[in-house]
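> This is the structure I have questions about; it appears just below.
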Amino acid sequence: MTSKSTSLIHHPYVPPEGFAAVQPAVHRASTVIFSSVEEMHQRDWRDKSGYTYGLHGTPTTFTLEERLCELEGGRFCTLAPSGLSAITLVNLALLQAGDEVLLPDNVYGPNRAFVEVELAKWGISHQIYDPMNPADLASRVQPNTRLVWIEAAGSVSLEFPDGPALVEVVKRANQSRVSSDQRQILTALDNTWGAGVAFQPFDWGIDVSVHALTKYPSGGADVLMGSVMTCDRALHADIQMTHSRLGLGVAGDDAERVLRGMPSMVLRYQRQDQTTRTLAQWATQQNAFVRVLHPALPDSPGHEAFVRTCSGAACLFSVVFDPEYTQAQVEAFCDRLNLFKLGYSWAGPMSLVVPYQLPAMRRFPWPHGRHLVRFAIGLEDAEDLQADIAQSLAAMG
Ligand SMILES: *Cc1c(COP(=O)(O)O)cnc(C)c1O
């Protein structure tokens, strides 16, 4: 006879038969039990044929990875605890001392900070290229270039680069490396804006797609997660092993939260896209704004590339205030908004706003104005959001 306590712990749990629920269950584990030492040695988590330890995957995380492959058109996916940790994982997995990484001027800010500060400590150098000029990228490729990041669109400045043309520059540079022992240059796209909905990233020929699942796949503004995807088995194995050595993992409950958001994500993407275009178009008629940045607007940078490559756009647009307004006035405009809350991130239910001083964030000249405000459109009605911006503009005088 075992004790009450022990028998409760060893309660013979049998999952309900025929319980084929619509939504997958949450599986939580650090430890996974093996029936023999032989089984312990034989089970393999790397090809996802078996479970060995919580950090190496659970039925819940494997299910999410499979759905993300479906979404982005990739073959192999690895989850990370945030979008940023997915980005740093790619950098750490693919770069070594002596290598150089090229970042676009519109790169997600924390990626740039990681490269400038952390990778520099490990002897990995970087250059910033002009994302709107493939010739500029071509001129910066060197023998030690190993990785090129692409951001489409810039998530504050909203310029849309010609992604396939940037990838073509890298492919051409790689052709001259085929016969030498130099490693090929890899391309990594931050696919958070496109989210697997606006375009299929691997159609562009990129090697790695990184996605902040915190945004659209979650959609609830209540979970942080990221993914790294590729179609190349060997590349995936490198990423997976670095992931494992760094001890990165995601909780089953968080993975299930993202799984719950995924069935509605395309609808949310499309609805937010529609509202965003409506408001961006309306903003072009407001005197206080000298410029509205959204790739669907004909005078927004990269409009042609956007039209060629995308069937949708994310929920972001930015406005540049007339230089007659001071920074304090622009900040007061943001403070007066009621429905738009001051907060980072996007693609959740609630609309958000953040003021930026753009020229200070750029290496290349930014001719489109100084005081920029970025709107992230949520799931509210367009008329209500428009009225909110209008009341705050009216109070500017
Ligand atoms: C939010 C975001 C990230 C980082 O995601 P977190 O989960 O917040 O770390 C990376 N890239 C882009 C473009 C983002 O918008």
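> Here are some residues: E168, E159. Which one is crowded, with 23+ Cβ neighbours inside 10 Å and either more than 13 Å from the ligand (Cβ to nearest atom) or part of a loop (DSSP other than H, G, I, E, B) (or both)?
E159
> Six or more apart or on different chains, Cβ under 9 Å: which pairs go from a residue in segment 77-97 that's more than 13 Å from S209 (Cβ to Cβ) and among the hydroxyl-bearing types (S, T, Y) to one that's open to solvent by 20 Å² or more (accessible area, probe 1.4 Å) and more than 10 Å from the ligand (Cβ to nearest atom)? Could you list them?
Filtered contacts from segment 77-97: S85/L246; S85/L248; T88/F114; T88/E118; T88/L246.
> Follow-up question, since we're still on this one. Would you be able to say whether some residue in segment 255-273 is touching a strand residue (DSSP E or B) at 6+ places or on another chain (Cβ under 6 Å) and small (G, A, S)?
no
> Next question. Please work out which residue is farthest from V141 (Cα to Cα), limiting yourself to segment 174-186 and to residues that are surrounded by fewer than 18 Cβ atoms within 10 Å (Cβ to Cβ) and not charged (D, E, K, R).
Only one residue fits best here, namely S179.
> Taking only segment 365-380 into account, find how many residues are open to solvent by 10 Å² or more (accessible area, probe 1.4 Å) and more than 12 Å from L158 (Cα to Cα).
So the answer is 8.
> Quick check on this structure: which one of A138, A113 is out of contact with any Ser or Thr (no Cβ under 6 Å at 6 or more places or on another chain), within 16 Å of the ligand (Cβ to nearest atom), open to solvent by 10 Å² or more (accessible area, probe 1.4 Å) and at pLDDT 95 or above?
Going through A138, A113 in turn, the sole match is A113.
> Next question, about the same structure. Could you tell me whether any residue of segment 349-357 is open to solvent by 70 Å² or more (accessible area, probe 1.4 Å) and free of Cβ contacts under 8 Å to residues at least 24 places away in the same chain?
No, segment 349-357 contains no residue that is open to solvent by 70 Å² or more (accessible area, probe 1.4 Å) and free of Cβ contacts under 8 Å to residues at least 24 places away in the same chain.
> Answer yes or no as to whether V107 is in contact with a Leu (Cβ under 9 Å, 6 or more places away or on another chain) and either in contact (Cβ under 8 Å) with a residue 12 or more places away in the chain or assigned to a loop (DSSP other than H, G, I, E, B) (or both).
Considered against the rule, which asks whether it is in contact with a Leu (Cβ under 9 Å, 6 or more places away or on another chain) and either in contact (Cβ under 8 Å) with a residue 12 or more places away in the chain or assigned to a loop (DSSP other than H, G, I, E, B) (or both), V107 comes out as no.
> Here's a follow-up. Determine which member of the set T60, T78 is in the same structural domain as W204 (by TED's automatic domain parsing), away from the ligand (no atom under 16 Å from the Cβ) and open to solvent by less than 30 Å² (accessible area, probe 1.4 Å).
Step by step, each of T60, T78 is checked, and only T60 is in the same structural domain as W204 (by TED's automatic domain parsing), away from the ligand (no atom under 16 Å from the Cβ) and open to solvent by less than 30 Å² (accessible area, probe 1.4 Å).
> Would you say P143 is within 16 Å of the ligand (Cβ to nearest atom), part of a loop (DSSP other than H, G, I, E, B) and touching a residue at least 24 places away in the same chain (Cβ under 8 Å)?
Taking the combined requirement at face value, the residue does not satisfy it.
The values are calculated or read from the model by the stated rules, or taken from the named source; none is laboratory data. Keep in mind it's a predicted model, so treat the numbers as computed, not measured. For neighbour counting, all protein chains shown are included, and Cβ atoms are generated from backbone atoms with ideal geometry for every residue, glycine included. Just the protein is used for accessible areas: all its heavy atoms, side chains included, with ligands, DNA and RNA removed. Shrake-Rupley method; radii C 1.70, N 1.55, O 1.52, S 1.80 Å.
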